[in-house]
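Let me begin by presenting the structure, written as structure tokens, before commenting on it.
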Amino acid sequence: MSTLLHGITELVTNDPGLGDGSALGLLADAALVVHAGRVAWVGPAASAPSCDGARDLGGRAVVPGFVDPHTHLVHAGDRAAEFAARAAGQRYDGGGIAATVAATAAAGDDELRALLARRVAQARAAGTTTLEVKSGYGLDVASEVRALRLAGEVTTETTFLGAHVVPAGADRDDYLDLVTGAMLTACAPLARWVDVFCEPASPHAFDADEARAVLLAGRAAGLGLRVHGNQLAPGPGVRLAVELGAASVDHCTFLTGDDVAALAGSATVATLLPGVEFSTRTPYPDGRRLLDAGVRLALGSDCNPGTCATSSVPFVIALAVRECGLSPAEALHAATAGAAASLRRDDVGRLGVGARADVTVVDGPSHVHLAYRPGMPTARALDL
Ligand code: NIG
Ligand code: FE
């Protein structure tokens, strides 16, 4: 059963070989054929082949479904009071994570599953079709396993983040032994990635040597590497991620010239999460500096109850344009093709022939409307 999608004013393929030759591979007055869950044909509407069925999108832009490469969707409770306290001047240091760990421990499996399903539906309703989901609000073996089991019910992009923080009352060295030992052994079969909050500026997170130990143990257990780095202050996260060949280093808010140079010569994607700077009232990462240096950029939401309680990628795109120096085209590219690269995926984040038919419809004639009309419901994933 093939379906023709038409009524597309602008199609973003992310294939520079198609359309206008830009990185977005823009085609005007386009059509797209979906067959067996994949893109089977793209081109001018005037030369579209005949199909078994057709959908008229009514004169809207179509973009690849957003790829959100960084979320913490498995949790209970909220920290709205912590957010309000920041408005009164309190600084974020990761200490609030303990409150979410306690709320999550108090929730049953069905409650957590329902919360997760609602969050996935909300992300999809705003155009996200691929989600990475981390553990990290369990911090004991059974709770981390539970989080990854639930995450695995909604995505293949599951990340073991036992090294989120040292749990309250635990001995650092004992906890590191657990995260690199029995907890990793139990969690690795349920995860694709390992991640660590490498942030010496936080008393709760991990320094370079600790983070290296977590990443090396994760790699030995067969996991790909991701790093939370340089969120709160300049630090070792970016250089460690590059040194170990991590797929992504996330936040990248406080970077030295050496950090930028290291990223530029590497295969590690810099994933910016400007919703965090919005929520924590901190300076935004300089996306322009990174792009100009040749660094591969991704954008993600970091949806979590502490530092960014939204999964809206259109909001993140608008922030990246307003605050990180990206053009609307660069921001969209980072939220699709760049984010797919940060997950080392080439079947998503583009709409060329052979890609997954993850289609997001923009309520407007061009992709620019995503940033141009912030806060409006400009994107939705198409149910085919
Ligand atoms: O990506 N930085 C560490 N982890 C999350 C925040 C988690 C929390 O505060 O609950 C982040 O910002
Ligand atoms: Fe995070």
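The values are calculated or read from the model by the stated rules, or taken from the named source; none is laboratory data. Remember, predicted model here, so these are calculated numbers, not experimental data. All Cβ positions, even for glycine, are placed from backbone atoms using ideal geometry, and neighbour counts span all protein chains on display.
Numerical summary
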| read-out | value |
| --- | --- |
| Helices (runs of 4 or more DSSP H) completely within region 41-126 that count 1 or more residues being polar (S, T, N, Q) | 97-105, 109-125 |
| Residue match in region 286-300 (condition: over 30 Å from residue 115 (Cβ atoms), within 16 Å of ligand 2 (Cβ to nearest atom), modelled with pLDDT of 95 or more and surrounded by fewer than 22 Cβ atoms within 10 Å (Cβ to Cβ)) | no |
| Residue among 165, 214 that alone is over 30 Å from residue 350 (Cα atoms), within 16 Å of ligand 2 (Cβ to nearest atom) and either assigned to a loop (DSSP other than H, G, I, E, B) or of a type in the set (Ser, Thr, Tyr) (or both) | 165 |
| Cβ-Cβ under 8 Å pairs, at least 6 apart or on other chains, region 264-293 side part of a loop (DSSP other than H, G, I, E, B), far side more than 13 Å from ligand 1 (Cβ to nearest atom) and modelled with pLDDT under 95 | 281/87 |
| Filter pass, residue 124 being away from ligand 1 (no atom under 16 Å from the Cβ), touching a strand residue (DSSP E or B) at 6+ places or on another chain (Cβ under 8 Å) and either more than 30 Å from residue 14 (Cβ to Cβ) or assigned by TED's automatic domain parsing to the domain that holds residue 198 (or both) | yes |
| Only one of 211, 264, 233 that is within 29 Å of residue 146 (Cα to Cα) and in the same structural domain as residue 160 (by TED's automatic domain parsing) | 211 |
| Selection within region 365-379 - crowded, with 17+ Cβ neighbours inside 10 Å and within 18 Å of residue 55 (Cβ to Cβ) | 379 |
| Of all residues making up region 233-255, the number that are within 21 Å of residue 277 (Cα to Cα), within 16 Å of ligand 2 (Cβ to nearest atom), in a loop (DSSP other than H, G, I, E, B) and in contact with a helix residue (DSSP H, G or I) (Cβ under 9 Å, 6 or more places away or on another chain) | 3 |
| Residue match in region 185-193 (condition: in contact with a strand residue (DSSP E or B) (Cβ under 7 Å, 6 or more places away or on another chain), part of a strand (DSSP E or B), within 16 Å of ligand 1 (Cβ to nearest atom) and under 24 Å from residue 299 (Cβ atoms)) | yes |
| Subset of region 15-71 that is of a type in the set (Asp, Glu) and surrounded by fewer than 17 Cβ atoms within 10 Å (Cβ to Cβ) - its residue that is modelled with the lowest pLDDT | 20 |
| Residue in region 248-259 that is within 16 Å of ligand 1 (Cβ to nearest atom), touching a Leu at 6+ places or on another chain (Cβ under 7 Å) and over 14 Å from residue 320 (Cα atoms) present | yes |
| Those residues of region 262-285 which are buried (at least 24 other Cβ atoms within 10 Å of the Cβ) and within 13 Å of ligand 1 (Cβ to nearest atom), in sequence order | 271, 272, 273, 274, 275, 276, 285 |
| Number of positions in region 195-240 that are of a type in the set (A, V, I, L, M, F, W, C), in contact (Cβ under 8 Å) with a residue 60 or more places away in the chain and out of contact with any Leu (no Cβ under 9 Å at 6 or more places or on another chain) | 1 |
| Of residues in region 324-377 being assigned to a loop (DSSP other than H, G, I, E, B) and hydroxyl-bearing (Ser, Thr, Tyr), the one farthest from residue 278 (Cα to Cα) | 366 |
| Per-region count, region 145-154, residues touching a Gly at 6+ places or on another chain (Cβ under 9 Å) and more than 15 Å from ligand 1 (Cβ to nearest atom) | 3 |
| Single condition residue 171 does not satisfy, out of (1) more than 15 Å from ligand 2 (Cβ to nearest atom); (2) surrounded by 16 or more Cβ atoms within 10 Å (Cβ to Cβ) | (2) |
